[in-house]
Amino acid sequence: MSGVTYSIPCPKCGRIHEVTYGTSMICTNRALTVSSLYHGGRPLLEYIIKSKSIRDKTFELLYSGYSLNEGYCYSTYYCSKCKKIFTRFHFSLSNGTDRWEPEYHCWHCKKTLSCIMQKDINDTVLQCKCGFEFKVDLNSCPEPENWS
């Protein structure tokens, strides 16, 4: 497992907004194959994907012959309407001809979230719960927490 979590403080109130990228031990390439969909009797997807409809679609596709593509990880998703960030499991499945990727939605306004890659997060505008809007600058954040 490897990754990084940045803690981004609101310049006005100090509230921490976390930006996470990487994989965890449970997210091995085996984790999303038909033969290893369960961990301790519970579906692995329940651990890594919060949305029941996305989990159900993922199970359906895996059982029909799709497989997990390389490049899966936890990533930061952004709502351009609410200016909020969310950590979601970024992945795609394919069967050789078709490719499927989940579409995550903001739980505030239901708008489709955009995946923001780590190299592109700087200058993203966030709105804190206090109402203050500010641009992300990972270079001015405290030292990120690395997990490996």
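The values are calculated or read from the model by the stated rules, or taken from the named source; none is laboratory data. Please read these numbers as outputs of a predicted model, since none were measured by experiment. A quick note on method: Cβ atoms are made from the backbone with ideal geometry, for glycine too, and the neighbour counts reach across all protein chains shown.
This table checks each residue for (1) farther than 23 Å from residue 59 by Cα; (2) among the hydrophobic types (A, V, I, L, M, F, W, C).
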{"residue": "77", "(1), (2)": "no, no"}
{"residue": "85", "(1), (2)": "yes, yes"}
{"residue": "91", "(1), (2)": "no, yes"}
{"residue": "96", "(1), (2)": "no, no"}
{"residue": "104", "(1), (2)": "no, no"}
{"residue": "115", "(1), (2)": "no, yes"}
{"residue": "119", "(1), (2)": "yes, no"}
Q: Report whether or not residue 141 is surrounded by 12 or more Cβ atoms within 10 Å (Cβ to Cβ) and at pLDDT 90 or above.
A: no
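For region 4-23: of the residues being among the polar types (S, T, N, Q) and at pLDDT below 85, which is farthest from residue 139 (Cα to Cα)?
Looking only at region 4-23, we keep the residues that are among the polar types (S, T, N, Q), and these are 5, 7, 20, 23.
So of that shortlist, the ones also at pLDDT below 85 come out as 20, 23.
Details: 20: 15, 23: 22 Å.
For region 4-23, the residue satisfying everything is 23.
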Q. So which residues in region 24-53 are surrounded by fewer than 18 Cβ atoms within 10 Å (Cβ to Cβ), modelled with pLDDT of 70 or more and out of contact with any Lys or Arg (no Cβ under 8 Å at 6 or more places or on another chain), if there are any at all?
A. 47, 51, 52, 53
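For residue 75, indicate whether it is hydroxyl-bearing (Ser, Thr, Tyr) and surrounded by fewer than 17 Cβ atoms within 10 Å (Cβ to Cβ).
Against the criterion (hydroxyl-bearing (Ser, Thr, Tyr) and surrounded by fewer than 17 Cβ atoms within 10 Å (Cβ to Cβ)), residue 75 does not qualify.
Given the criterion touching a Cys at 6+ places or on another chain (Cβ under 7 Å) and modelled with pLDDT of 85 or more, identify the matching residue among 75, 64, 80.
Just one listed residue meets the conditions, 75.
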Q. If you go through region 53-88, how many residues are out of contact with any Leu (no Cβ under 9 Å at 6 or more places or on another chain), under 30 Å from residue 131 (Cβ atoms) and of a type outside the set (Ser, Thr, Tyr)?
A. 2
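Results for (1) in contact with a His (Cβ under 9 Å, 6 or more places away or on another chain); (2) farther than 13 Å from residue 19 by Cα, shown as yes or no for each residue.
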residue	(1), (2)
59	no, yes
69	no, yes
72	yes, yes
126	yes, no
134	no, yes
138	no, no
**Q.** Residues that are within 13 Å of residue 100 (Cα to Cα) and in a loop (DSSP other than H, G, I, E, B), drawn from region 45-69
**A.** 64, 65, 66, 69
Q | residue 92 under 24 Å from residue 111 (Cα atoms), small (Gly, Ala, Ser) and at pLDDT 80 or above | A | yes
(Q) Among the residues that make up region 116-137, is at least one of them modelled with pLDDT under 90, charged (D, E, K, R), surrounded by fewer than 17 Cβ atoms within 10 Å (Cβ to Cβ) and out of contact with any strand residue (DSSP E or B) (no Cβ under 9 Å at 6 or more places or on another chain)? (A) yes
